[in-house]
Every structure is written in structure tokens, then in C-alpha cells.
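See below for the structure under consideration.
The values are calculated or read from the model by the stated rules, or taken from the named source; none is laboratory data. Please read all numbers here as calculations on a predicted model, not as lab measurements. We place every Cβ from the backbone using ideal geometry, glycine too, and count neighbours over all the protein chains shown.
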Amino acid sequence: MKKKILIILGIFLVLASVSAGAFALNSMNAPKHPSEYKIGITYDEAVKSEKPMLAVFYVDWCAYCLKFMPKFNILSKVYKDKYNFVMVNVEADKQTKKLAEDMYVSGFPTVYIIDTKYDNRVLMPNAIYQDLLKFRTELDRYLRIRTLLDKE
């Protein structure tokens, strides 16, 4: 009986240490700043495109921005043919600071759908962009409305 308990305990310890090691390795490789994600194209490139853009305004010290980036990355893969994805580091230079002022960015992350074709921008509240399903619903809704505008 003691042998069985020791064997089970040994297996448990091995599994626990492997799991802890994998977690530590994952944590070491995980991005530490939002800018490490490198998602999408530049704002200037997106403005010249016919597609609407999904732009996130962020700063590297923002924990919420870092938490949001995996969702932004998933969306960039799902909607790559329908939206341009743009990351704007507000603290990068004077141009991005000015852009953030023009977009009335007051907190981070700030997420917009920007459509230069129709001179339109839609601010996404955090109640929507924190929930991937709600966010996708809004992105699809915008595309449906844009399709109607294209037919006019």
C-alpha cells in the first residue's frame, strides 16, 4: 500500500514540476510590452487603403494594453481580408502624440474602427473590446453597414 502511495506521489510531483517548468518557460517567452506584438501595418499605410482599419492606441507601460494584444492578434488573423490592423504607440514620437490628440485618446487602450473612405470613425468601448464575441459582432455589424453604403 505504501509503495502505491509513493508511486502516485512521485508521478504527481513529476507532473507538477513539468507543468511548473512549462509555465515558467511560457512566461519567459511571453511579450512584456504591447509593442512586441508587431501586428498589422502603419497608420499611414492604412489611411491609403480602401479597407477600414481597426486601430489600437496604446502605451508600452499599460498592463491593460498588454492584456488586450492577444485578442487584437486573433482578430487580425480572422479579419485580415476585411480590415487593416494598426497599432499606434502614442509615446513613440510627436506624430503619434498628435494623432492621439486628434482622436481624443484619453485612456489606454483606445480602439477605433477608422474608415477613411467614408470619413468615419467608431470608438469601441472597453465593454465591447474586452469580450471577443461582442467585439466580433460589432466588427461584422460595421462591415454590413459599409456594404450598404457601397451600394448607394
Has the range 79-86 got at least one residue that is in a helix (DSSP H, G or I), in contact with a Phe, Trp or Tyr (Cβ under 7 Å, 6 or more places away or on another chain) and not acidic (Asp, Glu)?
-> no
Counted residues in the range 83-96 being farther than 16 Å from residue 34 by Cα and surrounded by 14 or more Cβ atoms within 10 Å (Cβ to Cβ) come to 2
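Residues checked against (1) closer than 16 Å to residue 54 by Cβ; (2) loosely packed, with under 13 Cβ neighbours inside 10 Å; (3) out of contact with any strand residue (DSSP E or B) (no Cβ under 8 Å at 6 or more places or on another chain); (4) at pLDDT below 95:
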site	(1), (2), (3), (4)
102	no, yes, yes, no
105	yes, no, no, no
121	yes, no, no, no
124	yes, no, no, no
127	no, yes, yes, yes
135	yes, no, no, no
Of (1) farther than 22 Å from residue 30 by Cα; (2) in contact (Cβ under 8 Å) with a residue 60 or more places away in the chain; (3) part of a helix (DSSP H, G or I), residue 71 fails just (1)
Within the range 37-60, restricting to residues that are of a type in the set (Gly, Ala, Ser) and part of a loop (DSSP other than H, G, I, E, B), the one that is nearest to residue 89 (Cα to Cα) is 40
Flagged in the range 52-82 as surrounded by 17 or more Cβ atoms within 10 Å (Cβ to Cβ) and more than 19 Å from residue 34 (Cα to Cα), in numbering order, are 52, 79
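Among 131, 102, 119, which is without any contact (Cβ under 8 Å) to a residue 24 or more places away in the chain and either outside the structural domain of residue 70 (by TED's automatic domain parsing) or under 15 Å from the mean Cα position of the chain (by Cα) (or both)? First the steps, then the outcome.
Working: 102 fails: either outside the structural domain of residue 70 (by TED's automatic domain parsing) or under 15 Å from the mean Cα position of the chain (by Cα) (or both); 119 fails: either outside the structural domain of residue 70 (by TED's automatic domain parsing) or under 15 Å from the mean Cα position of the chain (by Cα) (or both).
Of 131, 102, 119, the one residue that is without any contact (Cβ under 8 Å) to a residue 24 or more places away in the chain and either outside the structural domain of residue 70 (by TED's automatic domain parsing) or under 15 Å from the mean Cα position of the chain (by Cα) (or both) is 131.
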